[in-house]
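Only one structure is covered here, and it is reproduced in the block below.
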């Protein structure tokens, strides 16, 4: 069984993924992937993370691990990161029994027919969730938070849509879409695990 | 508990709704509503059904129950049907413990905070489903069926979007979106019922 969880920033998708992996006894992958890709490409983790979050399409102060700035329109390392990502995620898919959050795993692993979840929520609920989890002393206005959501999700969308025939967040590309607005995530995990076990195409 | 099920034509949304209502012991409403509205408005069921499926926006041979054709751009009975629909669906919502398939009930009942499901599937799966259920002797090409899906769903969309701030089929307007492609609907019903029971906002 392979499950992928795509998610809007602040929707609790990571919590859904972690708890679901625990409930189903699946290996869980999220930020670990960044470390693996950084090791594989010999690039800085901060840079790899930035490429994976916004496709390296933003100007990035390219000072890590190299002395010469790149002048190419598509600097080689961006491609390196994407190629490494594909390679590592496919190797994980090959082993099976895993749940991967983000990183376009839904598209990269499509030949393995993963169960593809998309987690989303309304703005008020995402803002409340982020505030609750913010480090002490962090204060953003609603407007600032909404701008940040747009930036982060915009990055995810761009990178996903490079690879996919369906747009990020378009229902056609997912098996189940969960709105976590006003939902206690912990409470729905057993039912969600059961749903996926029954629906999983490999078991048909 | 109030559940609404919106669905793409051919996705099995009606089956999801019927089985889910049975599993949760909820009163089920689908085509019954057309009969109620027809009785309420003293209009022909075929006409009411056509208004509810495509908003009466198509030319309709207006020969039922009246002798004079309407010349107004928006013939009064269309409004009558929509008003009656709202009235009847709201009365059903007031009673609670029900599941309503289609008829924009997700929007009409929004003050009751229903759990809003959207059911969809890919084209191949919808075609297969329709063929399996077609009366003997009915033969449509794939192309004809796809055109029919577009017509029917287009009608649902138009009527829904008249009332809603979210577009028909846009995830923002639903609590859970189910892709029934390759899924055995019967098998997932207990998990789905459990998910909704846990997620239901009224129980928070």
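Nothing in this text is a laboratory measurement; each read-out follows from the coordinates by a stated rule. The model shown is predicted, which means the values in this text are computed figures rather than measured ones. So basically every Cβ, Gly included, is an ideal-geometry build from the backbone, and we count neighbours across all protein chains shown.
Here is how the numbers come out for the structure above:
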quantity	calculated
FRET efficiency estimate (nearest 0.05) - Cβ-Cβ, residue B:128 to residue A:23, R0 30 angstrom	0.40
Residue and distance (whole Å) for the chain A Cβ nearest the axis that superposes A on B	A:177, 2
Nm distances between copies for residue B:124, ranked from closest, using label points 7 Å along Cα→Cβ	4.2
Relative contact order (%) - criterion: Cα under 8 Å, at least six apart; region: chain B	37 percent
For chain A, radius of gyration divided by Kirkwood radius, i.e. Rg to Rh on alpha-carbons	0.97
Averaged over A:185-192, number of beta-carbon atoms from partner chains that fall within 10 Å	5
Label spacing, shortest first and in nm, from residue B:79 to its equivalents in the remaining copies (7 angstrom along Cα→Cβ)	6.4
Shielding by other protein chains, B:171-178, mean Cβ within 10 Å	6
Max mean-square fluctuation residue, GNM over chain B, Cα-Cα springs under 10 Å, options B:25, B:96, B:137	B:137
222 nm mean residue ellipticity, helices alone, for chain B (DSSP H n ≥ 4; -39,500 (n - 2.57); rounded to 500)	-16000 deg cm²/dmol
Descending semi-axes in whole angstrom, ellipsoid equivalent of the protein assembly as shown, from the Cα gyration tensor	44, 22, 22
Exercise: per-residue mean of other protein chain Cβ atoms within 10 Å, A:114-127	1
Ascending list, in nanometres, of distances separating the residue B:141 label from those of the other copies (7 Å, Cα toward Cβ)	5.9
